[in-house]
Amino acid sequence: LAGFGNLMQDVLWCFSQVKGTVDIGVTEADIISTVEFNHTGELLATGDKGGRVVIFQREQESKNQPHRRGEYNVYSTFQSHEPEFDYLKSLEIEEKINKIRWLPQQNAAYFLLSTNDKTVKLWKVSERDKRPEGYNLKDEDGRLRDPSMITVLRVPVLRPMDLMVEATPRRVFANAHTYHINSISVNSDYETYMSADDLRINLWNFEITNQSFNIVDIKPANMEELTEVITAAEFHPHHCNTFVYSSSKGTIRLCDMRTSALCDRHAKFFEEPEDPSNRSFFSEIISSISDVKFSHSGRYIMTRDYLTVKVWDLNMENRPIETYQVHDYLRSKLCSLYENDCIFDKFECVWNGSDSVIMTGSYNNFFRMFDRNTKRDVTLEASRENSKPRAILKPRKVCVGGKRRKDEISVDSLDFSKKILHTAWHPSENIIAVAATNNLYIFQDKVN
């Protein structure tokens, strides 16, 4: 990424305006809960706590402005999940979209998986610009005609119409999870996918909705003996038999489905020994892994815990090969972060297309980038006040103590209600999407 400072805002979408509301008071339903580019980067999907999915499409480059990259505009909006109630358990099931995963495009239509806490749905998004006319048994309004009044045989024809984008649910995968689904991951065979909750991981076939195969089960016979939960899971990008899952204890397990049907025994176990001198009341909480991602090459695993991002080599289990401090200045604030529950926030992390740069979020609408080759890092801010369209983002710095410089912000004045939990990176270009509460920001590197 050229100097990081060259990241330039391409288009700024206020998500609440997309929803047709005024950005005065942010409702809980408008908060973005997941962001995901498709495999080509032409589409960008966001899900929110209201169960809605908004898909943005990248516009084609203008002939009048060939050097200007295409902007992302709203392509389709649909309600993916509705609130439900489990009467047997007296439990309300939120409509919030936890994850979205795209399937590779096989034809003119697009397919994506979306999930809330209990149910995964497969959606088909397709375009229609023609409509049939001239039915024999129906009139133009769709009402059935009296057969006795039909005296001539008509040949239906297709007439042009305004382009309409339709989203239709093709499969509903339900009733397989007792606990909340935190991850879904499409396998590289594109025939199966997995869904993970706190204690179990299930393997699904896209064609079978009423049955799944349990591949991981860490639920103890006595729940009082429970010591850890599954926090994230992902398939290997190339090997359909391999997947990883992370735990609240800060460990990562690599499993091979060829060894046994139930992957109770891991093939590899990644854990960094804790330094006893750093041991504190909060050690267990901040070591919990909130996200795990394979690199595009499949050689490395990236994990995000509360304070750091770590890169692991699949061939070395005893410690990470790289550790990046995201916001180490918060180490002295852990007590207050525990009291306001921020210490339980689950930040995600993403690779760029070449696996050379890492991005993850922080507080005060800050997000961090780390260049693995040069070891440089930068803090940028996604805010409507500081980000005018096509303006260059200025790096931000946090002052821990002592005299504060003019361009620095004090750690005591950080806004912990503004947090970047969800980010996405274009698969081949330096275009990033950052979700800040109910706003979606899209940045790209500077076009010379």
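Amide H contacts for ARG376 (H built 1.01 Å from N in the peptide plane; partners 5 or more residues away or on another chain; cut-off under 5 Å): ASP371. Look at where the Cα atoms of the stretch 232-264 and of the stretch 310-366 average out, and the two centres are 21 Å apart.
May I ask you to list the aspartates and glutamates whose Cα is less than 19 Å away from that of LYS130, ignoring any residue fewer than eight positions away on the same chain? The reachable aspartates and glutamates, counting only those whose Cα sits under 19 Å from LYS130, are ASP139, GLU140, ASP141, ASP162, GLU166. When the chain is treated as a GNM with alpha-carbon contacts under 10 Å, the residue of LEU393, LEU334, LEU226 showing the greatest mean-square fluctuation is LEU226.
The stretch 147-298: D in µm²/s via Stokes-Einstein (Kirkwood Rh, Cα pairs, 25 °C, 0.890 mPa s)? Walk me through the intermediate numbers first.
Numbers: Rh = 18.6 Å.
Translational diffusion coefficient: 132 µm²/s.
Using a Gaussian network model on the chain with a 10 Å cutoff between Cα atoms, which of ALA435, ALA382, ALA261 fluctuates the most? Maximum fluctuation in the GNM of the chain, among the listed residues, is at ALA261. Label sites at ARG258 and GLU127, each approximated as a point 7 angstrom past Cα along Cα to Cβ, lie 4.2 nm apart. For the chain, modelled as a GNM whose springs connect Cα atoms under 10 angstrom apart, the maximal fluctuation among SER354, SER383, SER248 occurs at SER354.
Projected onto planes of every orientation and averaged, the convex hull of the alpha-carbon atoms in the stretch 97-147 covers 6.3 nm².
If you roll a 1.4 Å probe over the heavy atoms of the protein chains, what accessible area per residue do you get for the stretch 297-437, in Å²? Let's see the in-between values first.
On the way: 6390 Å² over 141 residues.
I get 45 Å² per residue for this part.
Sites count as exposed loop sites when they are chymotrypsin sites (Phe, Trp or Tyr not before Pro), lie in a DSSP loop, and have at most 10 other Cβ atoms within 10 angstrom; the longest stretch of the chain without one is 88-280.
Using a simple spin-label model with pseudo-atoms 7 Å out from Cα toward Cβ, LYS346 and SER90 lie 2.6 nm apart. Excluding the site residues themselves, the longest part of the chain lacking any GluC sites (Glu not before Pro) in a DSSP loop with at most 10 other Cβ atoms within 10 Å is 208-384.
Across the accessible surface of the stretch 260-391, with the other protein chains kept in place and a 1.4 Å probe, carbon and sulfur atoms take up 48 percent. Computed over the alpha carbons of the chain, Rg followed by Dmax gives 24.0, 92 Å.
Determine the alpha carbon to alpha carbon distance for each of LYS118/LYS293; LYS310/LYS418; LYS310/LYS333; LYS310/LYS419; LYS89/LYS333; LYS96/LYS375 and list only those over 28 Å.
Among LYS118/LYS293; LYS310/LYS418; LYS310/LYS333; LYS310/LYS419; LYS89/LYS333; LYS96/LYS375, the Cα-Cα distance tops 28 Å for LYS89/LYS333; LYS96/LYS375.
Within the shell of other residues whose beta carbon sits under 11 angstrom from the beta carbon of HIS238, the net charge comes to 0, with Lys and Arg scored +1 and Asp and Glu -1. Summarising the label geometry, the points placed 7 Å from Cα in the beta-carbon direction at GLN60 and GLU28 lie 4.5 nm from one another. Per residue, the accessible area of the stretch 131-204 comes to 62 Å², computed with a 1.4 Å probe over protein heavy atoms only.
In debye to the nearest 20, how big a dipole does the stretch 171-328 give about its Cα centre with +1 on each Lys and Arg Cβ and -1 on each Asp and Glu Cβ? Numbers along the way, then the final one.
Numbers: 14 positive and 23 negative charges, 60 e Å.
With only Lys, Arg, Asp and Glu charged at Cβ, the dipole is about 280 debye.
Normalised by the empirical 2.2 N^0.38 Å for globular proteins, what value does the Cα Rg of the stretch 169-251 take?
Computed over Cα atoms of the stretch 169-251, the ratio equals 1.11.
Per residue, the convex hull spanned by the Cα atoms of the stretch 308-448 measures out at 147 cubic angstrom. For the stretch 243-364, the Kirkwood hydrodynamic radius from C-alpha pairs, put into Stokes-Einstein at 20 °C and a viscosity of 1.002 mPa s, yields a diffusion coefficient of 140 µm² per second.
The values are calculated or read from the model by the stated rules, or taken from the named source; none is laboratory data. Just so it is clear, the model here is predicted, and its values are computed rather than measured. Here Cβ is always computed from backbone atoms with ideal geometry, including for glycine, and neighbour counts include all displayed protein chains. Areas reflect the complete protein model, heavy atoms only, side chains present, ligands, DNA and RNA absent. Shrake-Rupley method; radii C 1.70, N 1.55, O 1.52, S 1.80 Å.
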